Amino acid sequence: MSTDESVRVPGTDRESHPTPQPVSGPPHHDAPQVPGSPGSVMASDTSARAWEAAYRQYGRAWEWTARSPKGDPAAAREMASASWAVAAAWRQIAAATTLPWWTLAAIESAAAAFEAQAHDYEAREGNDGHAHG
């Protein structure tokens, strides 16, 4: 069955969609465990601090962009940089934790969205030749 197909669930009036495959490899078993929560983990303090710093940078860039004239290349450059930082922070969290595949998929989706936004702002500033990742 392809991922686009659905099946009728017996005894109901709804369709069931097959479970999507994980977008990440196997979980990382060296991540710190959260006390009292078997099987769950939290990001390292370093990853959490990087994420918080990236979001602070993003907030400042967003405010600057909101106050700037449309098409301001300096504001676009700052938003691109902040978006790359947030994407990198999300990817760092995904790499440093053991989480269910669907949580990793959400984290990776967030990272991809910020990367796409960074590309968009780089194009606005006329600097779409950067190689980030």
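Values quoted throughout were computed directly from the atomic coordinates according to the rules given, and no laboratory measurement underlies them. Nothing here was measured: the structure is a model prediction, and the numbers come from that model. Ideal geometry is used to build each Cβ from the backbone, glycine not excepted, and the neighbour counts take in all protein chains shown.
Matching residues to (1) surrounded by 13 or more Cβ atoms within 10 Å (Cβ to Cβ); (2) touching a helix residue (DSSP H, G or I) at 6+ places or on another chain (Cβ under 6 Å):
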site: 48; (1), (2): yes, no
site: 51; (1), (2): yes, yes
site: 64; (1), (2): yes, yes
site: 73; (1), (2): yes, no
site: 92; (1), (2): yes, yes
site: 100; (1), (2): no, no
site: 112; (1), (2): yes, no
site: 115; (1), (2): yes, yes
site: 119; (1), (2): yes, no
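For the stretch 98-108, does any single residue satisfy the condition of being in contact with a Leu (Cβ under 8 Å, 6 or more places away or on another chain) and closer than 21 Å to residue 44 by Cα?
Looking through the stretch 98-108, at least one residue is in contact with a Leu (Cβ under 8 Å, 6 or more places away or on another chain) and closer than 21 Å to residue 44 by Cα.
Residues of the stretch 64-97 being in a helix (DSSP H, G or I) and hydroxyl-bearing (Ser, Thr, Tyr), which ones?
Residues satisfying the conditions are 65, 81, 83.
Within the stretch 96-118, is there a residue that is acidic (Asp, Glu) and in contact with a His (Cβ under 7 Å, 6 or more places away or on another chain)?
No; the residues of the stretch 96-118 include none that is acidic (Asp, Glu) and in contact with a His (Cβ under 7 Å, 6 or more places away or on another chain).
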